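This report concerns only the one structure given below.
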Amino acid sequence: MPHRCLKRILVIDDDPDLLAVVSLALSALGGFDVLTCASPRDALDMAAREDPDLILLDIMMPDVDGFGVLRSLREGAATSSIPIVMMSAAVRPQDTPGYQSLGCVGLIAKPFDPAALPQKLERLWSAHVEHRQEAHRREFERLRGVYIGELGEKLRAMDETAASLVSGGWDRARLEGLYHVVHRMAGSSGLYRLPTLSRAAGALEAIVKRYLTAPHWPPATSPGGLTMLVQAVDLAARTEAGVPAVAPPADRERDGTRVVL
């Protein structure tokens with residue numbers, strides 16, 4: 001998955017000497033676009049205005065310390081998701097989980113070697129990107145599972161509608177309902193990595209649209225072909241997503257679970 005590269009870094013520290021050295025190291029050795037801010041009170045506005053990829057933030061500063069700046073950044077709509085690496089002269093390994101819980105992606109102990117700083121930030125950035133990608137993958141799989149779990153009811157409704165059109169003749173409202181369901185399925189199933197289902201739903205969508213946009217209503221042809229197309233969609237869902245087979249309409253009527261779009 002492609003991701004945003006680390007290019008623009010905002011360094012926040014009240015020490016002008018540190019800002020000068022860090023800015024030089026990051027720009028000359030790392031090739032980064034470096035912004036500096038010596039006032040913690042101005043940091044939020046600058047971060048929102050400049051939209052850096054990453055913020056390097058000192059903890060020990062007068063007036064407002066790094067934690068206060070961090071809280072303000074996390075509360076700002078434009079800055080809430082910017083990755084932040086904190087710097088401190090009093091760093092202990094056991095403190096790292098605590099900093100991470102505050103939204104930091106890394107912690108750098110002072111004093112540090114300025115020449116090694118670009119590589120260090122690159123490693124922290126890569127770890128941050130990998131963590132975000134894994135979180136995205138887990139959330140996507142959760143949503144995909146929910147989507148597949150809901151397919152059975154949609155397929156049953158489509159099958160019921162096709163059966164009602166075959167038995168009762170053309171009904172525009174029901175056909176439009178079928179179109180809206182299959183149109184959404186053709187698009188969403190492709191997004192959820194179900195290409196076979198997407199193609200089958202797309203074929204049904206095209207046929208239904210042709211009926212709805214025909215010059216004369218009702219169509220001269222029988223709606224019987226819809227049943228086979230709906231069955232093809234059902235087969236694709238069963239084969240590709242493991243959705244249980246749709247029960248025949250007569251069986252569902254006996255069970256009292258008839259659903260019509």
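The values are calculated or read from the model by the stated rules, or taken from the named source; none is laboratory data. The model shown is predicted, which means the values in this text are computed figures rather than measured ones. Neighbour counts run over all protein chains shown; Cβ positions are idealised from the backbone, glycine included.
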Notebook entry, point to check: Which residue pairs have Cβ atoms closer than 8 Å, lie 6 or more positions apart in sequence or on different chains, and pair a first residue in segment 91-109 that is among the acidic types (Asp, Glu) with a second residue that is modelled with pLDDT of 65 or more?
Noted result: Asp95/Leu107
Check: Quick one: in segment 115-135, which of the residues that are farther than 16 Å from Val21 by Cα and among the basic types (Lys, Arg) is farthest from the chain's Cα centre (by Cα)?
Finding: Arg123
Notebook entry, point to check: Residue check, Glu205 against (1) touching a residue at least 40 places away in the same chain (Cβ under 8 Å); (2) surrounded by 18 or more Cβ atoms within 10 Å (Cβ to Cβ), all met but one. Which one?
Noted result: (1)
Note to self: For segment 35-52, which positions are over 19 Å from Ser88 (Cβ atoms) and either outside the structural domain of Asp13 (by TED's automatic domain parsing) or surrounded by 17 or more Cβ atoms within 10 Å (Cβ to Cβ) (or both)?
What the structure shows: Leu35, Leu44, Met46, Ala47, Pro52
Next item on the list: Go through segment 1-82 and tell me which helices (runs of 4 or more DSSP H), entirely inside it, have 1 or more residues that are in contact with a Ser or Thr (Cβ under 6 Å, 6 or more places away or on another chain) and farther than 20 Å from Lys110 by Cα.
Entry: 40-50, 66-75
Margin query: Checking the conditions here, which among Ala38, Ala28 is over 32 Å from the mean Cα position of the chain (by Cα), without any contact (Cβ under 8 Å) to a residue 60 or more places away in the chain and under 19 Å from Trp125 (Cα atoms)?
Written below: Ala28
Next item on the list: Name every residue in segment 210-224 that is surrounded by 14 or more Cβ atoms within 10 Å (Cβ to Cβ) and either over 15 Å from Asp171 (Cα atoms) or basic (Lys, Arg) (or both), in order of residue number.
Entry: none
Note to self: So, in segment 220-261, how many residues would count as being part of a helix (DSSP H, G or I) and modelled with pLDDT of 75 or more?
What the structure shows: 17
Margin query: Being over 20 Å from Arg156 (Cβ atoms), over 37 Å from the mean Cα position of the chain (by Cα) and either among the aliphatic types (A, V, I, L, M) or modelled with pLDDT of 95 or more (or both): is that true of Ala206 here?
Written below: no
Check: Can you tell me which of Val21, Val85 is at negative phi, β-branched (Val, Ile, Thr) and surrounded by fewer than 19 Cβ atoms within 10 Å (Cβ to Cβ)?
Finding: Val21
Next item on the list: Tally the residues that are crowded, with 23+ Cβ neighbours inside 10 Å and β-branched (Val, Ile, Thr), restricting the search to segment 53-66.
Entry: 1
Notebook entry, point to check: What are the residues in segment 102-114 that are over 16 Å from Asp53 (Cα atoms) and either within 30 Å of the chain's Cα centre (by Cα) or surrounded by 12 or more Cβ atoms within 10 Å (Cβ to Cβ) (or both), if any?
Noted result: Leu102, Leu107, Ile108, Ala109, Lys110, Phe112, Pro114
Check: Here is a list of conditions, (1) part of a loop (DSSP other than H, G, I, E, B); (2) hydrophobic (A, V, I, L, M, F, W, C); (3) surrounded by 20 or more Cβ atoms within 10 Å (Cβ to Cβ), and Trp170 meets all of them except one; can you say which number that is?
Finding: (3)
